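Engineer: Input: one structure, supplied below.
The values are calculated or read from the model by the stated rules, or taken from the named source; none is laboratory data. From a predicted model like this one, the values you see are computed outputs, not experimental measurements. Note: ideal-geometry Cβ built from the backbone for every residue, glycine included; neighbour counts use all protein chains shown.
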Amino acid sequence: MATAKQSKTVPVDLETTRKRTLVLNIPPSLWKPPTASVVIDGETYAPKDELHVTLLGRALLEEIETQLSLRLRRRLWAEARNRQWRIDRGGDLHLLEHFDPATPGAPSARSIVEMIMLDGAEAFYQSLEHQVGRQLPRPPTHVTLYTLRDAGGIGIPDAGSLRRLTVRTLTREELASA
């Protein structure tokens, strides 16, 4: 199932989640969430019932909320809502694994994510950097499609984390036939 690059403009639906992250929700009309579980390497992964791109993880969002006034944050979020966001699909599929150091010996959480290009993200981060006065890490832009043992998925704050968490890259054919 070779998938050509697909590009779609996303209507803005920014949300600060209960996990204290800032996400760009993807409407099902633009990218339908998977509906069936998949079995990869003998493990059954559950489909995500909603799709989103995390723009700011918990630690970075907390830092920004601490450094910037409420008025300035509201202005930045309004600017983000007025931005044109465009998703280009067709990137690599990664099988991720995360072990929780707080619970040694516990089964790992796993996720299957699709890497994407997100037009609008770089300008968003540059605007934030201007306000906080330092360079900010760019989380690898991805969408979590399936999870195992943690329905929330696995946070990927930077490129180094993506490399450490990746078990392997999946092919689209492998995912389609699972």
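For every residue, the table says whether it meets (1) over 17 Å from Gly152 (Cα atoms); (2) out of contact with any strand residue (DSSP E or B) (no Cβ under 7 Å at 6 or more places or on another chain); (3) crowded, with 17+ Cβ neighbours inside 10 Å.
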{"site": "Glu63", "(1), (2), (3)": "yes, yes, no"}
{"site": "Arg74", "(1), (2), (3)": "yes, yes, no"}
{"site": "Trp85", "(1), (2), (3)": "yes, no, yes"}
{"site": "Gly90", "(1), (2), (3)": "yes, no, no"}
{"site": "Leu95", "(1), (2), (3)": "no, no, yes"}
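Engineer: Of the residues Lys5, Lys19, Lys48, which is at pLDDT 85 or above and either under 17 Å from His142 (Cα atoms) or touching a helix residue (DSSP H, G or I) at 6+ places or on another chain (Cβ under 9 Å) (or both)?
Structural biologist: Lys48
Engineer: Only residues in segment 66-77 that are without any contact (Cβ under 8 Å) to a residue 60 or more places away in the chain and closer than 14 Å to Ser127 by Cβ count as the first member; pair them with residues that are surrounded by 13 or more Cβ atoms within 10 Å (Cβ to Cβ) and of a type in the set (Gly, Ala, Ser), Cβ under 9 angstrom, at least 6 apart or cross-chain, and list the lot.
Structural biologist: Filtered contacts from segment 66-77: Leu76/Ser127.
Engineer: Give the residue, chosen from Ile87, Ile154, that is in a strand (DSSP E or B), in contact (Cβ under 8 Å) with a residue 40 or more places away in the chain and closer than 30 Å to Arg73 by Cα.
Structural biologist: Ile87
Engineer: Would you point out the residue of segment 102-151, among those that are part of a loop (DSSP other than H, G, I, E, B) and hydrophobic (A, V, I, L, M, F, W, C), that is surrounded by the most Cβ atoms within 10 Å (Cβ to Cβ)?
Structural biologist: Ile116
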